[in-house]
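The values are calculated or read from the model by the stated rules, or taken from the named source; none is laboratory data. Please read all numbers here as calculations on a predicted model, not as lab measurements. A quick note on method: Cβ atoms are made from the backbone with ideal geometry, for glycine too, and the neighbour counts reach across all protein chains shown. The area values use the complete protein model at the heavy-atom level, side chains included, leaving out ligands, DNA and RNA. Shrake-Rupley method; radii C 1.70, N 1.55, O 1.52, S 1.80 Å.
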Amino acid sequence: MSVYETEPLLAQYLLLHYGSPAEILPYAFGPQGALDFPRRCVEDLVARIDVPPGARALDVGCSVGRASFELARVCEEVIGVDFSKSFIDAAITLRDKAQLDYERPHEGDITLRTTAVAPDRVERDRVDFRQGDAMNLPADLGVFDVVMACNLICRLPDPMKFLDRAKQLVKPGGQLVITTPFSWLEEYTPKENWLGGLPDKSDSFLGLRSALSGDFKLELTQDMPMLIKEHARKYQWTVVQGTRWRRKS
């Protein structure tokens, strides 16, 4: 079974996407600025003023759906795609019922009953969630004004398959938003497919820029903190690189 189909990881991502500050970080001295990462991906990286009326958005690697809902605030149609069936099932439940009960790890074998609640003032019916492979997206998806891929590329066996397809998915003048910590691991990506992190190609961002610069212009680079809670007293604090690219005409 894939780690992304397990109950503990589903709970971890539901908390990341929908948990309140008190649920995630009940310590005044903690990194409050690292909360609400999926919402900030949209608010900080998408040039919302440039999103046209009737816009379409694609959220690849959407996980349990929070960024897809946030995209629906500015886009008429949003498609969220993730490889994990459990993540997509959770996102669909949140779209259809606005909430989802789950058990999150607390200490040892103790869990806490928690409710994920979809963000308010969002037209959730604008969002369609689908299970799919980022490296083999359906040919009939069409083109989009915004394509987002949050913390995806370093979890793909061949990230170039997605990056090459992104050139076909984004309309001329449209936006491609990518966030990644460049956490290359051989269990996900063979070394020969890493964009960087190796002596002969040390800087992963240079690899990303090389892959995209022929068809996209880099508009924004931003370091973004992210906090994932594993249990009551253990966290992952990560600095993710966020970028926005504009599709050349």
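Could you state how much accessible area Lys161 has, in square angstrom rounded to the nearest 10, with a 1.4 Å probe and all protein chains kept in place?
That residue has around 100 Å² of solvent-accessible surface.
Taking amide H positions as placed 1.01 Å from N in the peptide plane, with prolines and chain starts having none, which residues 5 or more places from Leu112, or on another chain, fall under 5 Å of its amide H?
It is Arg104, His106, by chain and number.
With +1 on the Cβ of every Lys and Arg and -1 on the Cβ of every Asp and Glu, and nothing else charged, how large is the dipole of the chain about its Cα centre, in debye rounded to the nearest 20? Provide the component values of the computation, followed by the final result.
On the way: 31 positive and 36 negative charges, 131 e Å.
The calculated dipole for the chain is roughly 620 debye.
Which value, in debye to the nearest 20, describes the size of the charge dipole of the range 138-248 about its Cα centre when Lys and Arg Cβ atoms bear +1, Asp and Glu Cβ atoms bear -1, and nothing else is charged?
My answer is approximately 320 debye.
What are the residues whose amide H is under 5 Å from the amide H of Gly174, where those residues sit 5 or more places off or on another chain and H is modelled from the backbone?
Under 5 Å from the amide H of Gly174 lie the amide H atoms of Arg247, each far enough along the sequence or on another chain.
Using θ = phi - 60° and the Karplus form 6.51 cos²θ - 1.76 cosθ + 1.60, what ³J(HN,Hα) does each residue of the range 144-154 get, whole Hz, x for Gly and Pro?
Going residue by residue, I get 9, 7, 9, 10, 10, 9, 9, 6, 10, 5, 8 Hz, with x marking Gly and Pro.
Where the centre of each part is set by its Cα atoms, how far does the range 194-229 sit from the range 87-113, in angstrom?
32 Å
Ranked highest first by average number of other Cβ atoms within 10 Å, how do 120-131, 88-99 line up?
Averaged packing, sorted descending, gives the order 88-99, 120-131.
For Leu58, list long-range residues whose amide hydrogen, built 1.01 Å from N in the peptide plane, is under 5 Å from its own amide hydrogen.
Ile79, Val146, Val147, Met148
I'd like to check one number: the per residue accessible area of the range 210-249, probe 1.4 Å, reported in Å² as a whole number.
Working: 2100 Å² over 40 residues.
Per-residue accessible area for the range 210-249 comes out at 53 Å².
With angles folded into 0 to 90 degrees, how steeply does helix 159-169 sit against the dominant principal axis of the chain? Use alpha carbons for both and round to 10.
Helix 159-169 sits roughly 70 degrees off the main axis of the chain.
Mind listing the phi-derived Karplus ³J(HN,Hα) values for the range 57-74, rounded to whole Hz, using 6.51, -1.76 and 1.60 with θ = phi - 60°, and x for any glycine or proline?
Result, ordered by residue: 10, 10, 10, 8, x, 6, 6, 9, x, 4, 5, 4, 5, 5, 5, 5, 6, 10 Hz.
Sorted by accessible area with a 1.4 angstrom probe, largest first, how do Ser2, Ser68, Ser210, Ser86 fall?
Order by accessible area, largest first: Ser210, Ser2, Ser86, Ser68.
Share of the range 92-183's accessible area from carbon and sulfur, percent, 1.4 Å?
Summing carbon and sulfur atoms, their accessible area is 46 percent of the total for the range 92-183.
Per-residue HN-Hα couplings for the range 131-136, Karplus 6.51 cos²θ - 1.76 cosθ + 1.60 at θ = phi - 60°, whole Hz, x for Gly and Pro?
Listing the rounded values in order: 7, x, 9, 4, 8, 9 Hz.
With each run of n ≥ 4 DSSP H residues scored as -39500 (n - 2.57), what mean residue ellipticity at 222 nm is computed for the chain after dividing by its residue count and rounding to the nearest 500 deg cm²/dmol?
-7500 deg cm²/dmol
Tell me the angle of helix 85-97 to the major Cα principal axis of the chain, expressed in degrees between 0 and 90 and rounded to the nearest ten.
Once rounded, the angle reads 70 degrees.
Over the range 63-158, what is the percentage of antiparallel beta bridges among all DSSP beta bridges, to the nearest 5?
Rounded to the nearest five, the antiparallel share is 60 percent.
Return one number: the angle in degrees, 0 to 90 and rounded to the nearest 10, between the long axis of the Cα atoms of helix 7-18 and the longest principal axis of the Cα atoms of the chain.
Result, in degrees: 70.
Sort 176-189, 143-156 for me by packing, meaning the mean count of neighbouring Cβ atoms within 10 Å per residue, highest on top.
143-156, 176-189
Sorting Glu230, Glu70, Glu107 by accessible area (1.4 Å probe), largest first, what list results?
Output order, biggest surface exposure first: Glu107, Glu230, Glu70.
How high is the relative contact order of the range 94-174, in percent, counting Cα pairs under 8 Å that sit 6 or more residues apart?
Worked out over the range 94-174, it gives 24 percent.
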